[in-house]
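**Q** Below you'll find the structure I mean.
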Amino acid sequence: MMKNRDKTHRDTDSVDDSLSNDAIAILDAALLHVPFDGWGRDTLLAGAEDSGRDVDMVDALFPNGAVDAILMHSARADVAMADTFATLPDRPEKIHLMIRTLILLRLEQASLHKEAIRRGLAVLAVPANAPASAKALYRTVDAMWRAAGQRDTDFSFYTKRATLAGVYSATLLAWLADNSGSMTATEAFLDRRLREIGRIPKMTAPAKAAMSAGKRMAMGLFSTMARSR
């Protein structure tokens, strides 16, 4: 188990190194088309043309089309988030504040491509793309916990990531729904979610049972995915 988990971590940390410059160039150029044309093969072909790459490269670099491109975009965003956090001059010392900072960093950096992310989530919401959606979410929350210095290998490895997956997913949707151009509402929403996590010991029995069931599902999903990588 630990060997597979370490492989997942290496994939997250070295994603930019593992991608070809051609794939990155095509993706970056394609992002400008996504808000108008959505994620699809035609968008990737336009990205290839705009970046001066041979359009015949698209199918080889993105064999699963839009899904591959969306996962690549998300993975690169994870790396950018962690790299920026590592260079912050005044990083918080408490874990929950580190996580708060990482989530807000991830969303702030994504602001330029907000519509592309909205459309990407719509693609990943298709039932057939559930494994890809889980992969992207797992990689993001894993990158957050690792950036915060949490590299535990016990049972809490999954409980922490399952809990954070719920917080991040809800905050991401709130951020997408907020068209104010400000992060104020998103920050307030995130803070409420973090306070709710802090109140888990005081929850009623039914609420605890519901949260426990959701966490077990996420843990099982994350555990299966980590073993399959």
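The values are calculated or read from the model by the stated rules, or taken from the named source; none is laboratory data. Predicted model, so just to flag it, every value in this text is computed and none were measured. Neighbour counts run over all protein chains shown; Cβ positions are idealised from the backbone, glycine included. These accessible areas exclude ligands, DNA and RNA; they are computed on the full protein's heavy atoms, side chains included. Shrake-Rupley method; radii C 1.70, N 1.55, O 1.52, S 1.80 Å.
**Q** Treat each spin label as a single point 7 Å out from the Cα along the C-beta direction, and report the Asp50 to Thr159 distance in nm.
**A** 4.6 nm
**Q** Need the full-extension length gain, Ala125 to Arg91, defined as separation in residues times 0.36 nm minus the C-alpha distance. One decimal, nm.
**A** 8.8 nm
**Q** Could you tell me the center-to-center distance, by alpha carbons, between segment 150-184 and segment 91-119 in angstrom?
**A** Measuring centre to centre over Cα atoms gives 9 Å.
**Q** Just how much of Lys94 is accessible, in Å², when a 1.4 Å probe is used and the result is rounded to the nearest 10?
**A** Estimated to the nearest 10 Å², Lys94 gives 130 Å².
**Q** Quick one: compute the contact order of segment 29-143, relative version, from alpha carbon pairs under 8 angstrom and 6+ residues apart, as a percent.
**A** Here the relative contact order equals 31 percent.
**Q** Give me the three principal axis extents of segment 67-138 from the C-alpha atoms, as integers in angstrom, largest value leading.
**A** 41, 23, 15
**Q** Express in nm, to one decimal, how much length is gained between Ile24 and Ala177 on full extension, taking 0.36 nm for each residue of separation and deducting their alpha carbon distance.
**A** Separation in residues times 0.36 nm, less the Cα-Cα distance, equals 52.3 nm.
**Q** A follow-up question, please. Hey, can you find the accessible area per residue of segment 62-127 for me, probe 1.4 Å, expressed in square angstrom?
**A** On the way: 3210 Å² over 66 residues.
I get 49 Å² per residue for segment 62-127.
**Q** I'd like the FRET efficiency for Asn64 and Ser111, computed as 1/(1 + (r/R0)^6) with the beta carbon distance as r and R0 of 22 Å, rounded to 0.05.
**A** 0.25
**Q** How much length is gained if the chain between Asp191 and Asp83 is pulled fully straight, taking 0.36 nm per residue apart and subtracting their Cα-Cα distance, in nm to one decimal?
**A** Full-extension gain reported as 36.6 nm.
**Q** Give a residue-ordered list of calculated ³J(HN,Hα) values for segment 125-141 (Karplus: 6.51 cos²θ - 1.76 cosθ + 1.60, θ = phi - 60°; whole Hz; x for Gly, Pro).
**A** Once rounded to whole Hz, the list reads 6, 5, x, 5, 9, 4, x, 5, 4, 5, 4, 5, 5, 4, 5, 5, 5.
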